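A.B. asks: Pasting a structure below so you can have a look.
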Amino acid sequence: MSHNTFGHLFRVTTFGESHGPALGCVVDGCPSRLPIEAAEIQQFLDLRRPGQSRFTTQRQEPDQVKILSGVMTDETGVQRTTGAPIALMIENTDQRSKDYGEIKDSYRPGHADYVYDAKYGIRDYRGGGRSSARETAARVAAGAIARKVIPGVTIRAALIQIGPKKIDRSRWDWEEVSRNQLFCPDAVAAVEWADYLDDIRKAGSSIGAVLEVVADGVPAGWGAPIYGKLDAELAAALMSINAVKGVEIGDGFASAELTGEENADEMRAGQDSSNFGPVFLANHAGGVLGGISTGQPVVARFAVKPTSSILTPRRSVDRYGAEVDLRTKGRHDPCVGVRAAPIAEAMVACVLADAFLRHRGQQGEGFSWPFEK
């Protein structure tokens, strides 16, 4: 199986399966002498960890990360990156492979079962193997390393829609995201959504969601024209997350309803000595123009489909061509979007760390920015 690696200079390779002994990642290209502790990685893994609320799978995994290489303690007692590949491992401790015994020869609708069998002639029926969202724990760990490469950038994600229910943007509060179990920036919507999700869960069904991720502090100039566009790489990274079926940057598809006058992000000169670049009057572009960052917040949204593992019987076939009716057992999220925020932040962090290193490699650290004194 190929294509387990993404990135150019900041490269991440993930490994492991949902029901294997462990999963993890190797981060290559991380600059040396960056301070890093396992606890700093763990705080992000804890946000994604399953079994923390009734709205997520009840699989109980501590997701304790171990740093295997690429980090050592310096003469002052601080753990720092060495420039060597950083290997991170997370053990699986609560696999229940027997839950999947009845479907080992049948293809679950909406899952990757059939296509894995079609491509490889073999599939790991125990929770999906590499196609399981369990793999994303390794991405979150890698994202914690990436944030060390771009310390001036703040990356935050929030759940903004579950099914047909959307937030009220006038009530947006980033602090609220950490105060509720749904990563929702609207306190009123979070309460309403909890009741709605309870009904979905009790019915044995599932529902889709939309999330928004924002990166503040990205300077102008990251990314590249044509085949290295920052927005294209962000879209690819977010699209690679399990169950994601659509990505938009900035206004995205809503741009189709705007006139040229409405859509253009007009500019004026900076008004103080700390800002010699232009001040944008809007951000319809989502912080990227021509594939290169503008200095505005980088904004992306993505849609997550409903969890395919539901209790309602679904029609399918088995690997021998016989028609079957499947009812998926096991422990599953009624809305996978609930745990997608930390994953989205990690993927954006990895893309931006890679973009920063590539920009520095091409332009050098002493490059003079436009409007700079």
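The values are calculated or read from the model by the stated rules, or taken from the named source; none is laboratory data. Here the structure is a predicted model, which is why all the values come from computation and not from measurement. Every residue, glycine among them, receives a Cβ derived from its backbone with ideal geometry; neighbour counts consider all protein chains shown. Heads up: the accessible areas ignore ligands, DNA and RNA and are worked out on the full protein's heavy atoms, side chains in. Shrake-Rupley method; radii C 1.70, N 1.55, O 1.52, S 1.80 Å.
A.B. asks: Using the structure shown, decide if Leu88 is under 20 Å from Val351 (Cβ atoms), touching a helix residue (DSSP H, G or I) at 6+ places or on another chain (Cβ under 8 Å) and either loosely packed, with under 13 Cβ neighbours inside 10 Å or at pLDDT 95 or above (or both).
C.D. replies: The answer is yes for Leu88.
A.B. asks: Then there's this: Please state which one of Gly121, Gly163, Gly143 is surrounded by fewer than 20 Cβ atoms within 10 Å (Cβ to Cβ), out of contact with any Lys or Arg (no Cβ under 7 Å at 6 or more places or on another chain) and in contact (Cβ under 8 Å) with a residue 24 or more places away in the chain.
C.D. replies: Numbers: Gly121 fails: in contact (Cβ under 8 Å) with a residue 24 or more places away in the chain; Gly143 fails: surrounded by fewer than 20 Cβ atoms within 10 Å (Cβ to Cβ).
On inspection, the qualifying residue turns out to be Gly163.
A.B. asks: Kindly provide the set of residues from the range 43-81 that are open to solvent by less than 20 Å² (accessible area, probe 1.4 Å) and modelled with pLDDT of 90 or more, ordered by number.
C.D. replies: Leu45, Val65, Gly70, Thr81
A.B. asks: Oh, and also: Would you list the strands (runs of 3 or more DSSP E) that sit entirely within the range 264-373 and hold 1 or more residues that are at pLDDT 90 or above, under 30 Å from Ala243 (Cβ atoms) and open to solvent by less than 30 Å² (accessible area, probe 1.4 Å)?
C.D. replies: 298-304, 314-317
A.B. asks: While we're on this one: When you look at Lys202, is it within 15 Å of the chain's Cα centre (by Cα) and open to solvent by 20 Å² or more (accessible area, probe 1.4 Å), yes or no?
C.D. replies: The answer is no for Lys202.
A.B. asks: In addition: Name the single residue that is farthest from Gly128 (Cα to Cα) among those in the range 218-252 being under 19 Å from the mean Cα position of the chain (by Cα) and part of a loop (DSSP other than H, G, I, E, B).
C.D. replies: Going through the qualifying residues, I end up with Val218.
A.B. asks: Determine which member of the set Gly246, Gly223, Gly208 is touching a Gly at 6+ places or on another chain (Cβ under 8 Å), closer than 20 Å to Cys350 by Cα and not basic (Lys, Arg).
C.D. replies: The match here is Gly223.
A.B. asks: Same structure, new question: Of all the helices (runs of 4 or more DSSP H) wholly in the range 127-212, which have at least 1 residues that are hydroxyl-bearing (Ser, Thr, Tyr) and out of contact with any helix residue (DSSP H, G or I) (no Cβ under 6 Å at 6 or more places or on another chain)? Full working, then the answer.
C.D. replies: On the way: elements: 136-149, 174-177, 187-202.
Passing ranges, in order: 187-202.
A.B. asks: Just one of Leu311, Leu289, Leu281 is over 27 Å from Arg108 (Cα atoms), out of contact with any strand residue (DSSP E or B) (no Cβ under 8 Å at 6 or more places or on another chain) and not polar (S, T, N, Q); which is it? Explain how you work it out, then say what you get.
C.D. replies: Details: Leu311 fails: over 27 Å from Arg108 (Cα atoms); Leu281 fails: out of contact with any strand residue (DSSP E or B) (no Cβ under 8 Å at 6 or more places or on another chain).
Going through Leu311, Leu289, Leu281 in turn, the sole match is Leu289.
A.B. asks: Select, from Phe15, Phe6, the only residue that is surrounded by fewer than 20 Cβ atoms within 10 Å (Cβ to Cβ), aromatic (Phe, Trp, Tyr) and either within 25 Å of Arg126 (Cα to Cα) or modelled with pLDDT of 95 or more (or both). Steps first, please.
C.D. replies: Working: Phe6 fails: surrounded by fewer than 20 Cβ atoms within 10 Å (Cβ to Cβ).
Residue meeting the stated conditions: Phe15.
A.B. asks: Could you list all residues from the range 1-36 that are among the acidic types (Asp, Glu) and in a loop (DSSP other than H, G, I, E, B)?
C.D. replies: To start, the set of residues in the range 1-36 that are among the acidic types (Asp, Glu) comprises 17, 28.
Scanning the range 1-36 gives a single hit, Glu17.
A.B. asks: A further question follows. Just to be sure, is Ala157 in contact (Cβ under 8 Å) with a residue 60 or more places away in the chain, in contact with a strand residue (DSSP E or B) (Cβ under 9 Å, 6 or more places away or on another chain) and crowded, with 20+ Cβ neighbours inside 10 Å?
C.D. replies: Yes.
A.B. asks: Restricting to the range 173-193, what's the tally of residues that are within 24 Å of Gln43 (Cα to Cα) and either open to solvent by 90 Å² or more (accessible area, probe 1.4 Å) or not aliphatic (A, V, I, L, M) (or both)? First the steps, then the outcome.
C.D. replies: Step one: list which residues in the range 173-193 are within 24 Å of Gln43 (Cα to Cα), which gives 173-187, 190.
In the following step, the residues that additionally are either open to solvent by 90 Å² or more (accessible area, probe 1.4 Å) or not aliphatic (A, V, I, L, M) (or both) were identified as 173-176, 178-181, 183-186.
Total satisfying the criteria: 12.
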